[in-house]
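The values are calculated or read from the model by the stated rules, or taken from the named source; none is laboratory data. Just so it is clear, the model here is predicted, and its values are computed rather than measured. Don't worry about glycine lacking a Cβ; one is built from the backbone with ideal geometry, like all the others, and counts go over all protein chains shown.
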Amino acid sequence: MSTTLSTPPGIGREDLARLAEHWDEPRSLRAWFTTVDHKKIGRRYLVTAAFFFVLAGLSALVMRTQLARPESGVLSPQEYNQLFTMHGTAMIFLFATPMLFGFGNFLVPLMIGSRDMAFPRLNAFGYWVFLFAGLFMWASLPFGAAPNNGWFAYAPLNQDQHNPGLHMDVYALGLLFLGISTTSGAINFIVTALKLRAPGMSLNRVPLFVWAIVATAFMVVFALPALNTDNALLFLDRRFDTHFFDPGGGGNVLLWQHLFWIFGHPDVYIIVMPGLGIVSAVLPAFTRRGVVGYPLIVLAIVAISIVSFGVWVHHMFATGLPQLSYSFFSAASTIITIPSGIQIFAWLATMMLGRLVLRAPLLFVIGFIVTFVLGGFTGAMFALTAFDQQVTDSYFVVAHFHYVLLGGALFPILAGIYFWLPKITGRMYHEGLGRWAFWLVFTGMHVTFFPMHLYGLFGMPRRVYTYRSDLGWDVGNLISSIGSYVLALGLLLVLIGVVHAIRRGRPAGPDPWEGDSLEWSAASPPEAYNFPVIPCVHSLHPTWDERTVESTTTGATKDRILSEGKRTLFTSELDARPERAAPMPEPSFKPLVLAGVLLVFFTALLLGAYPVAVAAVLAVAATIAAWLWPPRRPDEEIGIAS
Amino acid sequence: MRRTAETAPRPARRQRRPGPMLLLAGLLLLAGCSGGSPSALNPQGTGAARVNGLWWLLFWISVAVFAEVMALLAWALVFRRGTARVRHGQPLRFVTIAGAGLPFIILVAVYGVGLRDLAALGAGPGRDALTVEVIGHQWWWEVRYAGRSGATANEIHIPVGERVKVRLRTDDVLHSFWVPQLMPKTDLISGETRETWLEARQAGSYRGQCAEYCGTQHAHMAFLVVAQPRADFDAFLDRLDAPARAPQTDAERRGQQTFVQGTCAACHSIRGTGAQGRVGPDLSNVGSRWSIGAGAVPNDAGHLGGWIANSQTVKPGNAMPPQPVDAARLPDLIAYLRSLE
C-alpha cells in the first residue's frame with residue numbers, strides 16, 4: 001500500500017481512489033483466508049516452497065552426516081531410505097516447481113501489464129492445495145510412514161507385498177493431490193499469458209521469462225497426466241488388488257518406468273526452464289542491454305519443450321530394451337542439449353557486449369552458467385547409452401543432476417530472490433550479505449557435488465545408507481559432507497539476508513535496477529491493482545521505452561485506467577489487441593474450502609476410510625457447484641454497464 | 001598416475017583457487033586407483049575398457065568446451081565492467097555457430113563413437129558360451145552354472161580371458177548387476193530375463209554391487225567376480241557337482257548335526273547333507289567365500305558367530321531372524337561352516 005507514489009499525470013485522484021476501493025483487500029484474518037491477489041498468493045508460494053526446501057535440505061544434511069564416514073550409525077537404513085526419498089520428492093515436487101510457480105504468480109501479471117491472473121480464485125485454490133499436499137506428505141515422516149522407495153518409486157518395490165505400510169500410499173496420494181495444484185496453476189499461466197497481456201504486447205514482445213513460464217505450463221499439462229496415471233494405477237494395485245505393475249499377476253514393472261519418465265524427463269525441463277527464464281530476466285538490468293538473440297531463445301524454449309517428450313528412455317538405458325530403440329533415444333537426448341547451448345551462448349554474448357554491474361543477482365547468474373554448463377557436459381555424456389550404462393545409478397548421476405538442478409534452478413532462484421526482493425517487499429537487501437551468501441553457496445555446492453563424479457566413477461552406487469572403508473570412497477564422501485555444511489551456511493545467509501531486508505532494508509523505490517520489463521514500472525511493493533494505468537506496450541523493453549512510459553502518464557486513456565469496478569483488460573492472443581475489459585472476482589472462501597475437502601478426501605483414502613472419502617467427493621461436488629453458481633449482481637455493480 | 005596431473009586443471013579453473021582443489025582432485029584420484037577400489041577408471045575387462053576409452057574422449061571434449069566458455073566469461077568479467085560502453089549489436093551468427101553449429105558437429109561425432117561402443121557392448125558371446133545364471137534376491141545374489149546342480153552365492157567364478165554369458169533374473173524386486181571394472185550395468189527385471197556378459201583380461205577379484213535401489217539393505221548387496229585360470233575354474237565347477245566337504249573333526253561333526261537338525265536347514269542347503277532349504281543362500285562352500293551377508297562383513301569366525309546369533313544387528317532388515325543357538329554349540333557350528341570350502 002505504498003502512498004509515496006505521486007499521482008501520475010493523466011490519471012486523476014478519483015480514479016486512484018476508486019481503484020484502491022475496488023482492489024484493496026482489508027487487513028483482517030478473513031481477508032488472509034479469502035485473498036485472490038496474485039501477489040499475495042505468489043508470496044505464499046515462495047515462502048511455503050522455501051519452508052519445504054529447508055525441510056528437504058535438512059534431510060540431506062542428516063544424510064551427508066551419515067555418509068561422512070564409512071559404516072557410521074547416525075541413521076538406521078529405514079530412516080535413511082525415508083530421508084533420501086523425501087529429500088528428492090520434496091525438492092522436485094514441493095520446492096522447485098512451486099517456488100518457480102511462486103515467481104510466476106507474482107511476476108507474470110506484472111510483466112505483461114495485467115492486474116491479476118486470469119483465474120484469481122483458481123490461483124488461490126492452487127496454493128491451498130499445494131500447501132495441504134505438502135503438509136500431507138511431510139506429516140508422514142514423524143510417524144515413520146514417509147515414502148521410502150526413492151523419488152521415482154520403481155515397481156515392484158512400490159507394491160504392497162514388497163513394501164507394506166502407508167509409505168507408498170502417502171507417495172501416490174500425495175502426488176495425485178499435488179498434481180491438482182500444479183495442473184490448475186499451469187492452465188492459469190497459459191490463459192493469463194495468452195489473454196491478459198497489455199495492449200501492444202504482441203508475441204514478439206513477451207518477456208523471455210513469461211515465454212519460459214508458458215512453455216513450462218504446456219509441458220506440465222501434457223506431462224503430468226502420465227504421472228497421475230502411474231500413481232492412480234499404483235494406488236489401485238496397493239489397495240484394490242489390481243496387478244498393473246505386478247508381474248505375478250500378468251502386470252509389467254517397466255510400464256511404471258515408461259509412464260514415470262514420460263512425465264519425469266519433461267519434468268527436468270519443467271524445473272529448469274523457468275530458471276533459464278529468470279536468467280534472461282535478470283541479465284538486461286545487469287548488462288544494461290537486452291538479451292542477445294531473443295528469437296533464438298524463444299525458439300530454443302519451444303524446441304526444448306517439444307523434444308523433452310522424446311527422450312524419456314535414456315532413464316532406462318540399463319533395463320535391457322532393444323538396441324535400436326536405445327540408438328533413437330540416444331540421438332534425441334544428444335540433440336536436446338543444443339537449445340540449451342544456444343541460450344548459454346546468447347547470455348555469454350549479452351555479457352560480452354553489455355556493461356556488467358556485478359551485484360548479487362549477476363553473481364548468481366555467473367554461478368549458474370559455470371554450474372549448469374558442467375551439468376550439461378555430463379548430461380550429454382548420459383545421452384550415450386554405453387557410458388550411461390556404466391555410471392547411471394552411481395554417484396556420478398547424483399553429481400550430474402545436482403549440477404543441473406542446483407545450477408539450473410537453485411542459482412537462478414537465488415538470483416531471482418535478490419533481484420525481485422525490492423519489488424516484492426519494497427526493501428533493498430544488504431549487498432555484503434548477498435556476496436557472502438553467493439561465495440559460500442557456490443563453494444559449498446562444488447565442494448559437495450564435484451567429488452561425487454569421482455567416487456561415482458570409482459563404483460559407489462547411489463541410495464546406499466553406508467559403505468565399507470576399503471573401497472576408496474572415504475575421502476570423497478568426507479569432502480562432500482564438509483561441502484554440504486558450507487552450502488547450508490550459505491543458504492542460511494540468504495535467509496538472513498531476506499529477513500534483514502524486510503526488517504532493516506532501505507526503501508527500494510519502484511525501479512532500483514533500472515530494469516527493462518513492466519514490473520519495474522509498478523510501485524514496490526505493487527499496489528493491489530498493479531498498475532494505475534495499464535500500459536500500451538511499444539517494444540520488447542517497455543520500461544526503457546519512452547512511448548510505453550508515456551502511455552501510462554500523459555497518454556493515459558480511460559479504457560486503460562478502468563477504475564469502474566474491479567476489472568482488467570483482455571486482449572487478443574497473438575497481437576494483444578484490446579478486446580474487452582473483464583470483471584475480476586472478489587475474495588472468496590470457496591478455494592480454501594474446496595482444497596480443505598480435497599484434503600479430507602485424500603486423507604480418508606490414505607487411512608482406508610472409504611465412506612468418508614465418498615462423502616468428501618459429494619462435498620467436493622457441492623463446493624464446485626457453489627463456486628460456479630452465477631452471481632446475482634446488477635451489471636452496474638461489477639462495471640460491465642460502461 | 002598420469003591422469004592425476006591431467007585432470008587437475010578442471011577443478012582448479014572452476015574454483016580459481018588452484019592449490020587446494022588440485023590437491024583434492026589428486027587425492028581423490030589416488031583413492032580411486034588404489035588397489036581396493038572397484039573403479040571404472042581402472043578397467044580390467046573388455047566391456048569396461050571400452051567405456052573407459054569413451055569416458056576419456058568425453059572428458060577431454062568437456063575440458064576444451066568448458067575452457068572456451070570460461071574464457072568468454074572471464075573476458076566479459078575483465079573487460080566489460082566499470083565504464084565499458086554498452087554495444088547494442090545482435091551477434092546472431094556468433095550465437096548460432098558457437099551455441100548450435102559447433103556443438104552439433106561435436107555431438108554427431110560423439111554420437112557415432114557412442115553407437116559403436118553400444119554395439120560392442122551388445123555383442124555378447126556365442127550360443128555355446130559358458131553361461132552363469134545370476135538370480136537377484138533381497139539382498140543377495142544366487143549364482144548357478146548351466147548344467148551344474150550346485151549353487152553358490154555372492155561370488156561369481158569365471159575363467160579369465162573368456163567371454164562368459166550372464167543370464168539375469170530376479171526373485172523379487174528390481175536389482176542391477178554392475179561390476180565397474182568389468183562391465184556396465186544391466187538391470188534385473190521382475191518377471192523377465194536379461195543377458196549380459198563378462199570378460200576379464202587378468203586373473204583377479206572384481207567387486208560388483210547392486211545399483212538399483214531394492215529396499216532396506218540395498219547398501220549391502222555386493223558380490224565378487226573371481227576371474228581365474230581355466231584349470232582352477234574347472235576345478236571350481238567340478239566341486240559344484242560334488243557333495244560339500246565332509247566334517248573331519250568332532251567339533252565339525254557336532255556343528256553339522258546342529259546345522260542339519262536345527263533351524264538352519266529350513267532355509268539353507270549344504271550339498272550332500274539333509275539341509276535342503278531354498279530360502280537363503282546355499283552354504284556348501286561358505287567357508288571359502290570373501291564375505292558374509294553379501295559384502296556386509298568379512299568372513300571370519302567372529303563375524304560368522306555374530307551373524308548367526310543375530311544378523312539383524314549386522315544387516316538390519318535381512319530375512320534371517322536371530323537364531324536361538326545354544327552358546328555352547330555355536331563354536332562347533334562356526335567350525336563346521338568355516339570348514340566348508
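Checking B:Q202 against (1) within 9 Å of chain A (Cβ to nearest Cβ); (2) surrounded by fewer than 21 Cβ atoms within 10 Å (Cβ to Cβ); (3) in contact (Cβ under 8 Å) with a residue 40 or more places away in the chain: exactly one of these is not met. Which one?
(1)
For segment A:349-376: of the residues being outside any helix (DSSP H, G or I) and out of contact with any Pro (no Cβ under 9 Å at 6 or more places or on another chain), which is surrounded by the most Cβ atoms within 10 Å (Cβ to Cβ)?
First, the residues of segment A:349-376 that are outside any helix (DSSP H, G or I): A:354-359.
Of the ones still in play, those that are also out of contact with any Pro (no Cβ under 9 Å at 6 or more places or on another chain) are A:355-359.
On the way: A:R355: 18, A:L356: 22, A:V357: 15, A:L358: 13, A:R359: 20.
Checked segment A:349-376; the qualifying residue surrounded by the most Cβ atoms within 10 Å (Cβ to Cβ) is A:L356.
If you go through segment A:224-245 one residue at a time, do you hit one that is assigned by TED's automatic domain parsing to the domain that holds A:N105, closer than 30 Å to A:S330 by Cα, crowded, with 22+ Cβ neighbours inside 10 Å and aromatic (F, W, Y)?
For segment A:224-245, residues assigned by TED's automatic domain parsing to the domain that holds A:N105, closer than 30 Å to A:S330 by Cα, crowded, with 22+ Cβ neighbours inside 10 Å and aromatic (F, W, Y): present.
Could you count how many residues in segment B:137-163 are within 23 Å of B:G191 (Cα to Cα) and surrounded by 17 or more Cβ atoms within 10 Å (Cβ to Cβ)?
14
Among the candidates A:Y429, A:Y403, A:Y418, which residue alone is outside any helix (DSSP H, G or I) and either on the phi < 0 side of the Ramachandran plot or more than 10 Å from chain B (Cβ to nearest Cβ) (or both)?
A:Y429
Can you name the condition, by its number, that A:E564 falls short on among (1) under 28 Å from the mean Cα position of the chain (by Cα); (2) at pLDDT below 95; (3) not aliphatic (A, V, I, L, M)?
Looking at each condition in turn, A:E564 falls short on (1).
List the number of the failed condition for B:G122; all other conditions in (1) touching a strand residue (DSSP E or B) at 6+ places or on another chain (Cβ under 7 Å); (2) at pLDDT below 95; (3) within 8 Å of another protein chain (Cβ to nearest Cβ) hold.
Checking B:G122 against (1) touching a strand residue (DSSP E or B) at 6+ places or on another chain (Cβ under 7 Å); (2) at pLDDT below 95; (3) within 8 Å of another protein chain (Cβ to nearest Cβ), the one that fails is (1).
Pick from A:L75, A:L16: which is hydrophobic (A, V, I, L, M, F, W, C) and closer than 30 Å to A:T554 by Cα?
Answer to the selection: A:L16.
For segment B:149-168, name all the residues that are closer than 25 Å to A:G456 by Cα and over 12 Å from the mean Cα position of the chain (by Cα).
B:V166, B:L168
Here are some conditions: (1) over 14 Å from B:T196 (Cβ atoms); (2) within 7 Å of another protein chain (Cβ to nearest Cβ); (3) modelled with pLDDT under 95. B:T83 meets all but one. Which one does it not meet?
(2)
Restricting to segment A:517-546, what's the tally of residues that are under 21 Å from A:V357 (Cα atoms), in a loop (DSSP other than H, G, I, E, B) and under 23 Å from the mean Cα position of the chain (by Cα)?
1
Regarding segment A:274-297, can at least one residue be identified that is under 30 Å from B:I189 (Cβ atoms) and touching a residue at least 12 places away in the same chain (Cβ under 8 Å)?
In the first step, residues of segment A:274-297 are kept if they are under 30 Å from B:I189 (Cβ atoms); the result is none.
Checked segment A:274-297: no residue is under 30 Å from B:I189 (Cβ atoms) and touching a residue at least 12 places away in the same chain (Cβ under 8 Å).
If you check A:W128, A:W138, A:W151, which single one turns out to be under 20 Å from the mean Cα position of the chain (by Cα), of a type outside the set (V, I, T) and within 14 Å of another protein chain (Cβ to nearest Cβ)?
Exactly one of A:W128, A:W138, A:W151 is under 20 Å from the mean Cα position of the chain (by Cα), of a type outside the set (V, I, T) and within 14 Å of another protein chain (Cβ to nearest Cβ), namely A:W151.
Return yes when B:T196 is surrounded by 24 or more Cβ atoms within 10 Å (Cβ to Cβ) and touching a residue at least 40 places away in the same chain (Cβ under 8 Å) and no when it is not.
yes
Sort out which residues of segment A:432-463 are outside any helix (DSSP H, G or I) and buried (at least 24 other Cβ atoms within 10 Å of the Cβ), and write them in order of number.
Going through segment A:432-463, the residues outside any helix (DSSP H, G or I) turn out to be A:458-463.
Those that are outside any helix (DSSP H, G or I) and buried (at least 24 other Cβ atoms within 10 Å of the Cβ): A:F458, A:G459, A:M460, A:P461.
Pull up segment B:162-180, narrow it to residues that are touching a residue at least 60 places away in the same chain (Cβ under 8 Å) and more than 19 Å from B:A219 (Cα to Cα), then point me to the one that is farthest from the other protein chains (Cβ to nearest Cβ).
B:E162
Given (1) free of Cβ contacts under 8 Å to residues at least 12 places away in the same chain; (2) closer than 22 Å to A:V464 by Cα; (3) among the aliphatic types (A, V, I, L, M), identify the lone condition not met by B:V314.
(1)
Go through segment B:277-304 residue by residue and tally those that are closer than 15 Å to B:L337 by Cα and outside any loop (DSSP other than H, G, I, E, B).
10
So A:D470 passes all but one of these: (1) at the interface with another protein chain (Cβ under 9 Å from one of its Cβ atoms); (2) at pLDDT 95 or above; (3) not in a loop (DSSP other than H, G, I, E, B). Which condition number does it fail?
If we test A:D470 against (1) at the interface with another protein chain (Cβ under 9 Å from one of its Cβ atoms); (2) at pLDDT 95 or above; (3) not in a loop (DSSP other than H, G, I, E, B), just (2) comes out false.
Got a sec? Which of A:G250, A:G200 is over 25 Å from the mean Cα position of the chain (by Cα), at positive phi and without any contact (Cβ under 8 Å) to a residue 12 or more places away in the chain? Quick ask: steps written out before the conclusion?
Values: A:G200 fails: without any contact (Cβ under 8 Å) to a residue 12 or more places away in the chain.
After ruling out the rest, the residue left standing is A:G250.
Against the definition (within 14 Å of chain A (Cβ to nearest Cβ) and among the small types (G, A, S)), how does B:S269 come out, yes or no?
No.
Given segment A:4-87, what helices (runs of 4 or more DSSP H) lie entirely inside it while holding 2 or more residues that are in the same structural domain as A:R115 (by TED's automatic domain parsing), touching a Phe, Trp or Tyr at 6+ places or on another chain (Cβ under 9 Å) and of a type in the set (S, T, N, Q)?
Answer list for segment A:4-87: A:38-67.
Is there any pair with a first residue in segment B:294-311 that is more than 13 Å from every other protein chain (Cβ to nearest Cβ) and crowded, with 21+ Cβ neighbours inside 10 Å and a second that is among the basic types (K, R) and assigned to a loop (DSSP other than H, G, I, E, B) whose Cβ atoms are under 9 Å apart and which are 6 or more apart or on different chains, and what are they?
Qualifying pairs under 9 Å: B:W307/B:K315.
Among the residues that make up segment B:40-50, is at least one of them at the interface with another protein chain (Cβ under 7 Å from one of its Cβ atoms), assigned to a loop (DSSP other than H, G, I, E, B) and surrounded by 15 or more Cβ atoms within 10 Å (Cβ to Cβ)?
yes
Checking the structure you have, find out if any residue of segment A:383-393 is at the interface with another protein chain (Cβ under 8 Å from one of its Cβ atoms) and surrounded by fewer than 24 Cβ atoms within 10 Å (Cβ to Cβ).
Yes.
Given the residues A:D160, A:D169, which is the only one that is of a type in the set (D, E) and assigned to a loop (DSSP other than H, G, I, E, B)?
On the way: A:D169 fails: assigned to a loop (DSSP other than H, G, I, E, B).
After applying the criteria, what remains is A:D160.
Criterion first (more than 9 Å from chain A (Cβ to nearest Cβ), buried (at least 24 other Cβ atoms within 10 Å of the Cβ) and small (G, A, S)) does B:A227 satisfy it?
Criteria met by B:A227.
Taking A:A318, is it outside any helix (DSSP H, G or I) and closer than 17 Å to A:F401 by Cβ? Write out each step before concluding.
Values: outside any helix (DSSP H, G or I): yes; closer than 17 Å to A:F401 by Cβ: yes.
Yes; evaluated as a whole, the condition is true for this residue.
Among the residues of segment A:305-329 satisfying the criterion of being more than 16 Å from B:G122 (Cβ to Cβ) and within 13 Å of another protein chain (Cβ to nearest Cβ), which is farthest from the chain's Cα centre (by Cα)?
Looking at residues that are more than 16 Å from B:G122 (Cβ to Cβ) and within 13 Å of another protein chain (Cβ to nearest Cβ), I get A:H314.
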